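Structure, as structure tokens:
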Amino acid sequence: MKRCLFGLLGALILAAAASGEFTFYLIDNFENGRADKWYRFGEARMTVERNPSGEAVSRDPIAESCGEYALKLKSRAVNWFAGGIGTDLNVDASGFNRLQLDIFGSDKHGKIKIEVFDDDNNNLALEQDAARDWLATKDDKWVAEVPVLGPGFTRVSIPFSAFKLENPGSGDGLWNPDQTNGSGGLLKVQLILLTDKPVGEVETNIDNLLLTY
């Protein structure tokens with residue numbers, strides 16, 4: 001399994017070297033067995049665990065690319081919201097067209113709301129108002145939702161054009177995650193867990209988060 005993962009990443013790196021540029025930016029694949037670059041909030045719990053498909057004999061290329069470890073997320077919600085996790089990026093994402101991740105579902109269906117923030121006041125930081133549900137006040141917040149399906153890995157690849165602006169009037173309202181004029185580019189990504197009913201549980205594993213073309 002690990003050889004498959006390293007072989008895939010090796011092939012991508014070689015292809016990138018041949019073309020003179022990388023075709024992806026890896027946010028995390030959890031193969032170091034840690035999630036220390038991620039923070040959590042609300043009732044979300046996270047643990048790095050062995051890939052749930054790791055013991056199965058499978059020819060599924062998505063499952064094989066997920067290597068030995070994935071990040072398990074679990075929470076219980078009242079009023080749909082079940083907390084979430086996030087990580088700082090501060091990367092120039094202007095050369096990428098989409099965000100991709102692999103999601104291992106469960107019988108506790110729900111959704112993952114993906115939030116990304118671009119820096120509009122060129123200060124390398126995200127300003128938020130704690131009194132207004134942590135609203136981003138100076139930078140744009142872009143969101144997309146994806147379902148948590150049943151057991152098995154699903155690869156989700158979301159074009160940035162499909163993300164919707166959730167805080168109009170805070171930033172400039174334009175998707176501009178570049179690092180020109182002192183901008184921090186794409187500041188951070190957050191994954192919010194949502195249940196499929198007002199009170200309930202959600203559980204999933206995520207892996208191979210990256211920016212790509």
Assess whether Ser75 counts as being farther than 30 Å from Gln179 by Cβ and either among the small types (Gly, Ala, Ser) or assigned to a strand (DSSP E or B) (or both). yes
Would it be correct to say that Trp134 is under 20 Å from Glu166 (Cα atoms), in contact with a helix residue (DSSP H, G or I) (Cβ under 9 Å, 6 or more places away or on another chain) and not basic (Lys, Arg)? no
Selection within the stretch 86-131 - free of Cβ contacts under 8 Å to residues at least 24 places away in the same chain and not in a strand (DSSP E or B): Glu127, Ala130, Ala131
For the stretch 167-212, give me the residue count where each residue is in contact with a Phe, Trp or Tyr (Cβ under 7 Å, 6 or more places away or on another chain) and either farther than 16 Å from Asp102 by Cα or acidic (Asp, Glu) (or both). 7
Does Ala70 count as assigned to a strand (DSSP E or B), within 16 Å of the chain's Cα centre (by Cα) and surrounded by 22 or more Cβ atoms within 10 Å (Cβ to Cβ)? yes
Of the conditions (1) among the hydrophobic types (A, V, I, L, M, F, W, C); (2) under 18 Å from the mean Cα position of the chain (by Cα); (3) over 30 Å from Glu49 (Cβ atoms), Ile206 fails just one. Which one is it? (3)
Residues of the stretch 133-154 being surrounded by 15 or more Cβ atoms within 10 Å (Cβ to Cβ) and either basic (Lys, Arg) or without any contact (Cβ under 8 Å) to a residue 24 or more places away in the chain (or both), in sequence order, are Lys138, Lys141
Return the residues of the stretch 41-60 that are at pLDDT below 90 and surrounded by fewer than 15 Cβ atoms within 10 Å (Cβ to Cβ); say none if nothing qualifies. Glu55, Ala56, Val57, Ser58, Arg59, Asp60
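The values are calculated or read from the model by the stated rules, or taken from the named source; none is laboratory data. Note that the structure is predicted; figures quoted are calculated from it, not measured. Counting neighbours? That spans all protein chains shown, and the Cβs are built from the backbone with ideal geometry, glycine included.
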